[in-house]
Amino acid sequence: MNKFGRITALASLVILSACGNRGSLEPPKGQSLPPAAYGEAERPASEELMTPSTQAQPERSDELLRRSEKRQDDKFDLPPPG
C-alpha cells in the first residue's frame, strides 16, 4: 500500500469514528434520570432536559429605534460611595 492509500485509509477511519450514535438519549446503565422537581408530578424526559429554556436562549428583538427618546432619570443610578 502506498503513502496516499495509507493516508486515505486513516482519514476514512477518523471520519467514520466521528459519526457516533444519533438515537435518543438514554441514561447510562444502572443510572436514572434526575428526580422530578419539587411540586412536579412526573420526571422530565431526556428531550425536555436538552431543550434550552427561554431564559437560557432568549428571543432576539429586531425592533428598530424609530425616534430618539430622552432617557428617564434612574433614581438607583448612584455614584460609588467615598
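Scanning region 35-52 turns up no residue that is over 20 Å from the mean Cα position of the chain (by Cα), of a type in the set (S, T, N, Q) and modelled with pLDDT of 80 or more.
For Pro44, the criteria (1) loosely packed, with under 10 Cβ neighbours inside 10 Å; (2) assigned to a loop (DSSP other than H, G, I, E, B); (3) not polar (S, T, N, Q) hold in every case but one, which is (1).
Which residues, taken from region 53-69, are at pLDDT 80 or above and open to solvent by 100 Å² or more (accessible area, probe 1.4 Å)?
Listed by number, the list holds a single entry, Gln55.
Do we have any residue at all in region 4-23 that's open to solvent by 100 Å² or more (accessible area, probe 1.4 Å), at pLDDT 80 or above and under 23 Å from the mean Cα position of the chain (by Cα)? No, every residue in region 4-23 fails to be open to solvent by 100 Å² or more (accessible area, probe 1.4 Å), at pLDDT 80 or above and under 23 Å from the mean Cα position of the chain (by Cα).
The values are calculated or read from the model by the stated rules, or taken from the named source; none is laboratory data. Computed from a prediction, not measured in an experiment: that's the story for all the values here. Neighbour counts are summed over all protein chains in view; Cβ atoms, including those assigned to glycine, are modelled from backbone coordinates with ideal geometry. Heads up: the accessible areas ignore ligands, DNA and RNA and are worked out on the full protein's heavy atoms, side chains in. Shrake-Rupley method; radii C 1.70, N 1.55, O 1.52, S 1.80 Å.
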